[in-house]
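> Take a look at the following structure, please.
The values are calculated or read from the model by the stated rules, or taken from the named source; none is laboratory data. All values reported here derive from a predicted model rather than from experimental measurement. With ideal geometry, Cβ positions are generated from the backbone for all residues, glycine too; neighbour counts draw on all protein chains shown. Ligands, DNA and RNA are stripped out before the accessible areas are found, and what is left, the full protein with its side chains, is counted by its heavy atoms. Shrake-Rupley method; radii C 1.70, N 1.55, O 1.52, S 1.80 Å.
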Amino acid sequence: MYCRLNQHLQTNNVVATEQYRFRKALSTEHANFSLIDNILMAWNKNIHIGGIFYDLTKAFDCVNHDVLTAGLEHYGIHESTINRFKSYLPNRRQRTKLSINKGQMYYSTWEIVKQGVPQGSVLGPLLFYYIYINVLPMSVKHVSKAILFSDDTSVIVTDKDFDSFRQKTYLALTSLNQWFLYNQLVLNITKTKVIKFTPKTTAHAPLDIYYKDNVIDEVKSTKFLGTLIDNHKNWNNHVEHILPKLSAACFSKKEFNSPFKSGYFAYGLLSKLSFSTSLRNNLMRKFNTCASSI
């Protein structure tokens, strides 16, 4: 089932280009590069740019089966195949197991799962990423550009005029939240962050974005697909974040006194950061400083 559905979606170019998960030859590195490339292009053109980094609450568990079935029909899946999915998703049962005091077990009663796709399954991620949220980028295309990796959803907003930029940011936030509500996904507004990316030489102007009487937290840095990205794109926060791993590489150099082994550890760190030359160079300087002190 997985192979047939995936082949159908790939052959017919159904999957949104903004989705970087489970697409051949794409990874978090490409999603990070897309964000960084947009920031640099905006700075070169002297236009305002910002990002909204959304946080969804238990996205897999909130999938509505009727909405998912409608998505399968929309993408041309044969009725007989859809009927198989209808038999696969509903009437599943689950219960909670609680372990106390080394082996004392308590169980809840079995209950029918009325929504969601099975986590840990092969089909679950495919149904969610390629079917359920595949049209999400279209909901904000008029004001922003989406970057998706699994259920990690971020949008990039740009405009030459600051007031228009702030209005677009608000529209992107409200438009996407309306899409989430319509598709019965839950946005955690308190964990949703906004960043305005600016060069160090540019004065910061607060966005003051509100949604339903809640102030959207405008931060100087946030985690994006495992990378701490900051509003000036200088990578200091991320470098400090991975210093413990860097220390382990330095320890290996001292412990084994082998250029190959210590280089192997360094390569393991740097290979994860290959999407940014400035980040890699910054980290290498830290590594050389650490290694030379041993």
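> Looking only at region 169-185, count how many residues are in contact with a Cys (Cβ under 8 Å, 6 or more places away or on another chain) and either closer than 25 Å to residue 221 by Cβ or open to solvent by less than 40 Å² (accessible area, probe 1.4 Å) (or both).
Going through region 169-185 one residue at a time, the tally reaches 1.
> If you don't mind, there's one more thing I want to ask. Just to check your reading of the model, which residue among 136, 89 is within 24 Å of residue 59 (Cβ to Cβ), touching a residue at least 60 places away in the same chain (Cβ under 8 Å), of a type outside the set (S, T, N, Q) and open to solvent by less than 20 Å² (accessible area, probe 1.4 Å)?
Result: 136 is the single residue among 136, 89 that is within 24 Å of residue 59 (Cβ to Cβ), touching a residue at least 60 places away in the same chain (Cβ under 8 Å), of a type outside the set (S, T, N, Q) and open to solvent by less than 20 Å² (accessible area, probe 1.4 Å).
> Strands (runs of 3 or more DSSP E) wholly in region 55-134 with at least 3 residues that are under 21 Å from the mean Cα position of the chain (by Cα) - which ones?
Per the criteria, no element qualifies.
> Still on this structure, please answer the following. Check residue 202 against each of (1) open to solvent by 40 Å² or more (accessible area, probe 1.4 Å); (2) within 14 Å of residue 52 (Cβ to Cβ) and name the one condition it does not meet.
Answer for residue 202: the failing condition is (2).
> Can you name the number of the only condition in (1) part of a helix (DSSP H, G or I); (2) crowded, with 17+ Cβ neighbours inside 10 Å that residue 190 fails?
(2)
> For region 38-53, name all the residues that are open to solvent by 20 Å² or more (accessible area, probe 1.4 Å) and outside any helix (DSSP H, G or I).
45, 46, 47, 48
> Could you list all residues from region 209-247 that are open to solvent by 40 Å² or more (accessible area, probe 1.4 Å), touching a helix residue (DSSP H, G or I) at 6+ places or on another chain (Cβ under 8 Å) and of a type in the set (D, E, K, R)?
212, 217, 245
> Give the residue that is nearest to the chain's Cα centre (by Cα), with candidates limited to residues of region 195-226 that are closer than 21 Å to residue 237 by Cα and among the aromatic types (Phe, Trp, Tyr).
224
> Taking residue 181 and the conditions (1) of a type in the set (A, V, I, L, M, F, W, C); (2) assigned to a loop (DSSP other than H, G, I, E, B); (3) free of Cβ contacts under 8 Å to residues at least 12 places away in the same chain, which numbered condition does it fall short on, given that it satisfies the others?
Evaluating residue 181 over (1) of a type in the set (A, V, I, L, M, F, W, C); (2) assigned to a loop (DSSP other than H, G, I, E, B); (3) free of Cβ contacts under 8 Å to residues at least 12 places away in the same chain leaves (2) as the failure.
> Oh, and also: Residue 189: β-branched (Val, Ile, Thr) and touching a residue at least 40 places away in the same chain (Cβ under 8 Å), yes or no?
When the stated conditions are applied, residue 189 does not pass them.
> Write out, first by first residue and then by second, each pair whose Cβ atoms fall under 6 Å of each other, whose residues are 6+ apart or on separate chains, and whose first residue, in region 30-47, is under 18 Å from residue 159 (Cα atoms) while the second is open to solvent by 70 Å² or more (accessible area, probe 1.4 Å).
Sorted first by the residue in region 30-47, then by its partner, the pairs are 47/160.
> Considering each residue of region 139-160, count those that are free of Cβ contacts under 8 Å to residues at least 40 places away in the same chain and either open to solvent by 70 Å² or more (accessible area, probe 1.4 Å) or of a type outside the set (A, V, I, L, M, F, W, C) (or both), and give that number.
2
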